[in-house]
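Right, one structure below, let's go through it.
The values are calculated or read from the model by the stated rules, or taken from the named source; none is laboratory data. Here the structure is a predicted model, which means the values were calculated and not measured. Glycine gets a Cβ as well: all are built from the backbone with ideal geometry, and neighbour counts include every protein chain shown.
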Amino acid sequence: MSSMPVIVIGGGAAGLLAAGRAGELGARVLLLEKNDRLGRKIMVSGGGRCNVTNSGSIQELIKHYPGNGQFLYSAFSKFSNQDIMLLLERMGVPLKVEKEGRVFPSSDKASDVVKGLTKYLKEGGVEIRLEERVTGIVTEGREVRGVTTEKGRIASRLVIVATGGKSYPATGSTGDGYQWALACGHNVVPVRPALVPLNVKEEWVKEVQGLALRDIYADIKEGEKVLGREQGEILFTHFGVSGPVILSLSRYVKNHSAPQDLTLYINLKPALNEDQLAAELQLELQKNQKKQLKNALDDLLPRRLIPIIIRESQISPEKFVHQVTKKERQALLATLRNLKLTITGPRSLDEAIVTAGGVAVKEINPKTMESKLIKGLYFAGEVLDIDGLTGGYNLQAAFSTGYTAGDHAGRESF
Ligand SMILES: Cc1cc2nc3c(=O)[nH]c(=O)nc-3n(C[C@H](O)[C@H](O)[C@H](O)COP(=O)(O)OP(=O)(O)OC[C@H]3O[C@@H](n4cnc5c(N)ncnc54)[C@H](O)[C@@H]3O)c2cc1C
């Protein structure tokens, strides 16, 4: 049986930082990754551009984790957004800051981030074994003793689990770490999709699938109560809605098992108040008196959306503009400001950007990421019960917790 002072399981954002940091400290480190390459989820992140982190202050960052932000305080203090930016620049990956403090590689290529982090591992002398799937954690009493892989057993007193969540399983995140945590006596908060597209009841979305609307406002309501509002881009799909606004609002949608009376109201013209929009609509209709209504709103709306807005206002699209009544005009105005969709639930974990739930953080030391139950066992990244909003927050959590685990395990190995 072989042995290694520090073993890191998983070559995603958390595992790369954990292995890199322990290696940087001079520890002998083995990184085990079941895929044939490192950082597959990083490669698809940010639409292939990788929103590495967010440039806000630590206090600001913490506010962006609906799931357990306070737990991250120590990890962010040890390795902050500024630190990952400095590290990447040092590894030859220049960065740029875009709107809302979102940080991207200047090249807009996620692959450059993976290359930079791989360089960090190489500089630290980390041994990388690809296509080696870990099958379990070996413990003795309350101490870790190593791991089993498909190829055999490797002894170690320091094991960092960075296997990620359970979303986008094709990238390798299949939730393996949860089983090991349970076997070690940890509680695992039930996992559920977060930052996820939403299914809706209305069939008309199929007619506009692929259509993206920028700069809209969307309110999500439970009954009459407004739960949240977001501004930005929405995308219609064959099943419902997606895009940054929807991913953010999805946090208000519980699982299928808990039916909610949820509706989405989209204001298609948020830059105009009600009077301004009424005036604009009136102008359009006056200009196009002789046309059918379906051919009269081109300056106000994308072509494909026009028949839908007219139908949702209970008007026949075939009607001529000069026949439109005041009541119908008011109905059009109301639809433009409050296009209604009935939410039937979130899409599955497979389509979620992150996994909410995971290894219970109260059983993890926030200063080291070491298990409070098993000595020498660490958890880092999305496997933990942490989830952030869009804007670079999830990668930052993975980087900071990974670094923290690697820092402690690295020092313990001497
Ligand atoms: C489409 C998409 C876009 C995203 N965009 C952004 C973004 O722009 N900004 C942002 O902050 N966040 C983004 N996220 C979220 C972010 O990518 C994740 O939160 C983050 O990558 C999690 O890192 P991790 O290291 O914890 O897990 P992962 O990246 O999932 O890495 C886990 C690794 O462990 C390996 N592994 C699992 N089980 C085993 C095993 N048994 N043996 C060996 N290896 C194993 C996996 O193959 C994988 O490589 C995005 C997510 C998705 C799906």
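Residues to consider are Thr325, Thr335; find the one that is in the same structural domain as Gln276 (by TED's automatic domain parsing), surrounded by fewer than 19 Cβ atoms within 10 Å (Cβ to Cβ), farther than 26 Å from Arg21 by Cβ and without any contact (Cβ under 8 Å) to a residue 60 or more places away in the chain. Being in the same structural domain as Gln276 (by TED's automatic domain parsing), surrounded by fewer than 19 Cβ atoms within 10 Å (Cβ to Cβ), farther than 26 Å from Arg21 by Cβ and without any contact (Cβ under 8 Å) to a residue 60 or more places away in the chain holds for just one of Thr325, Thr335, which is Thr325.
Under the condition of being surrounded by fewer than 22 Cβ atoms within 10 Å (Cβ to Cβ) and either assigned to a loop (DSSP other than H, G, I, E, B) or more than 9 Å from the ligand (Cβ to nearest atom) (or both), the residues counted in the stretch 173-185 number 7. Residues in the stretch 88-100 that are in contact (Cβ under 8 Å) with a residue 40 or more places away in the chain and surrounded by 17 or more Cβ atoms within 10 Å (Cβ to Cβ): Leu95 only. Working only within the stretch 30-48, note down all residues that are closer than 14 Å to Val113 by Cα, more than 6 Å from the ligand (Cβ to nearest atom) and of a type in the set (D, E, K, R). Answer for the stretch 30-48, where residues must be closer than 14 Å to Val113 by Cα, more than 6 Å from the ligand (Cβ to nearest atom) and of a type in the set (D, E, K, R): just Arg37. When the criteria are applied in full, Gly376 meets the requirement of being crowded, with 20+ Cβ neighbours inside 10 Å, more than 9 Å from the ligand (Cβ to nearest atom) and on the phi > 0 side of the Ramachandran plot. I'm told Gln314 meets every condition in (1) modelled with pLDDT of 95 or more; (2) farther than 30 Å from Glu230 by Cα; (3) not in a helix (DSSP H, G or I) except one. Can you identify the failing condition by its number? Checking Gln314 against (1) modelled with pLDDT of 95 or more; (2) farther than 30 Å from Glu230 by Cα; (3) not in a helix (DSSP H, G or I), the one that fails is (2). The conditions of being part of a loop (DSSP other than H, G, I, E, B), closer than 28 Å to Arg37 by Cα and of a type in the set (A, V, I, L, M, F, W, C) are not met by Val191.
Residues being surrounded by fewer than 19 Cβ atoms within 10 Å (Cβ to Cβ) and in contact with a Ser or Thr (Cβ under 6 Å, 6 or more places away or on another chain) are represented in the stretch 200-217 by at least one member. For the stretch 348-370, give me each residue that is surrounded by fewer than 24 Cβ atoms within 10 Å (Cβ to Cβ) and of a type in the set (Ser, Thr, Tyr). Matches in the stretch 348-370: Ser348, Thr368.
Does Val324 satisfy being within 16 Å of the ligand (Cβ to nearest atom) and among the β-branched types (Val, Ile, Thr)? Judged against the criteria, Val324 is not a match. If you take the residues of the stretch 4-29 that are surrounded by fewer than 24 Cβ atoms within 10 Å (Cβ to Cβ) and not aliphatic (A, V, I, L, M), which of them is farthest from the ligand (Cβ to nearest atom)? Among residues in the stretch 4-29 that are surrounded by fewer than 24 Cβ atoms within 10 Å (Cβ to Cβ) and not aliphatic (A, V, I, L, M), the one farthest from the ligand (Cβ to nearest atom) is Gly26. Residues that are out of contact with any strand residue (DSSP E or B) (no Cβ under 7 Å at 6 or more places or on another chain), surrounded by fewer than 18 Cβ atoms within 10 Å (Cβ to Cβ) and in the same structural domain as Leu213 (by TED's automatic domain parsing): does the stretch 263-270 have at least one? No, every residue in the stretch 263-270 fails to be out of contact with any strand residue (DSSP E or B) (no Cβ under 7 Å at 6 or more places or on another chain), surrounded by fewer than 18 Cβ atoms within 10 Å (Cβ to Cβ) and in the same structural domain as Leu213 (by TED's automatic domain parsing).
For Leu395, state whether it is within 7 Å of the ligand (Cβ to nearest atom) and either in a loop (DSSP other than H, G, I, E, B) or crowded, with 24+ Cβ neighbours inside 10 Å (or both). So Leu395 passes the test.
When residues in the stretch 50-108 are screened for being part of a helix (DSSP H, G or I) and either at pLDDT below 95 or not hydrophobic (A, V, I, L, M, F, W, C) (or both), 16 of them pass. Pairs meeting the criteria (first residue in the stretch 260-284 and over 16 Å from Glu312 (Cα atoms), second residue at pLDDT 95 or above and of a type in the set (Ser, Thr, Tyr), beta carbons under 7 Å, at least 6 apart or on different chains) are Pro270/Tyr217. How about the stretch 341-364: which of its residues are near the ligand (Cβ under 10 Å from one of its atoms) and in contact with a Gly (Cβ under 9 Å, 6 or more places away or on another chain)? Within the stretch 341-364, Ala352, Val354, Thr355, Gly358 meet the criteria. Checking each residue in the stretch 145-172 for being of a type in the set (Ser, Thr, Tyr) and either surrounded by fewer than 19 Cβ atoms within 10 Å (Cβ to Cβ) or closer than 30 Å to Gly243 by Cα (or both) picks out Thr148, Thr149, Thr163, Ser167, Tyr168, Thr171.
In the condition set (1) away from the ligand (no atom under 16 Å from the Cβ); (2) touching a Cys at 6+ places or on another chain (Cβ under 7 Å), His408 is compliant with all but (2).
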